[in-house]
Amino acid sequence: MKTKKTIKKRNSKKDFFDKVYEIVEKIPYGKVTTYGAIAEACGIKSSARTVGWALNGAKNHGLPCHRVVNRFGALTGRIHFGDPFIMEDLLKSEGVEFDKDGCVNMKKYFWDPKEYLHKK
C-alpha cells in the first residue's frame, strides 16, 4: 500500500521533472545552459544530477536537450544521443563555438534560466 509520503515524493519528483522540461524547452537557439543552472532555477541547487536523469527520459520528445552542458561547457550528455558527435554537431549548426578542449565558450553562449523565470 502506498503511503501519502510515498505519493507526495513521487509527485514532487514529477513536478521537478516538469519544471526541468519547461526550462529546457525555453533555451534559446544558439545558447546553452547547465544542469546546475536548471536545478537552481527549479529551486534545488544541489540537484544537477537529477536534471540529467530528467533529460535522459526526455531526449526523444523534441526538447533541445543538446543545449544542456556541464558547468565547464563539456558535452557530458553526448553519450545519451546515440552517436557521440550529434550533440556537438547540433550545437555547431546553431553557431555555438567550442574551445580547443572541446568545451562550449560559456562566456559567450551561456543562457541563465532565471532570465526566463523572471519574465514568466
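Can you tell me which residues in the range 11-43 are under 16 Å from R71 (Cα atoms) and of a type outside the set (K, R)? I'd like the intermediate steps shown before the answer.
Start the filter on the range 11-43 by keeping residues that are under 16 Å from R71 (Cα atoms), which leaves 24, 27, 31-41.
Once the filter is applied, which keeps residues that are under 16 Å from R71 (Cα atoms) and of a type outside the set (K, R), the range 11-43 yields V24, I27, V32, T33, T34, Y35, G36, A37, I38, A39, E40, A41.
Name the helices (runs of 4 or more DSSP H) wholly within the range 27-113 that hold at least 1 residues that are crowded, with 16+ Cβ neighbours inside 10 Å and in contact with a Lys or Arg (Cβ under 7 Å, 6 or more places away or on another chain)? Can you show your working first?
On the way: elements: 35-41, 48-56, 86-93, 106-109.
Per the criteria, 35-41, 86-93, 106-109.
What are the residues in the range 57-75 that are at pLDDT 90 or above and under 21 Å from K19 (Cα atoms), if any? Full working, then the answer.
So the first thing to find is which residues in the range 57-75 are at pLDDT 90 or above, and the list is 63-75.
Those that are at pLDDT 90 or above and under 21 Å from K19 (Cα atoms): L63, P64, C65, H66, R67, V68, V69, N70, R71.
Condition check: more than 22 Å from D15 (Cβ to Cβ), of a type in the set (D, E) and at pLDDT below 95. Does D83 satisfy that? Full working, then the answer.
Values: more than 22 Å from D15 (Cβ to Cβ): yes; of a type in the set (D, E): yes; at pLDDT below 95: yes.
Answer is yes for this residue.
Can you name every residue in the range 79-112 that is within 22 Å of E40 (Cα to Cα) and of a type in the set (D, E, K, R)?
K107, K108, D112
The values are calculated or read from the model by the stated rules, or taken from the named source; none is laboratory data. Since the model is a prediction, treat every value here as computed from it, not as a measurement. Glycine also receives a Cβ, built like all others from the backbone with ideal geometry; neighbour counts cover every protein chain displayed.
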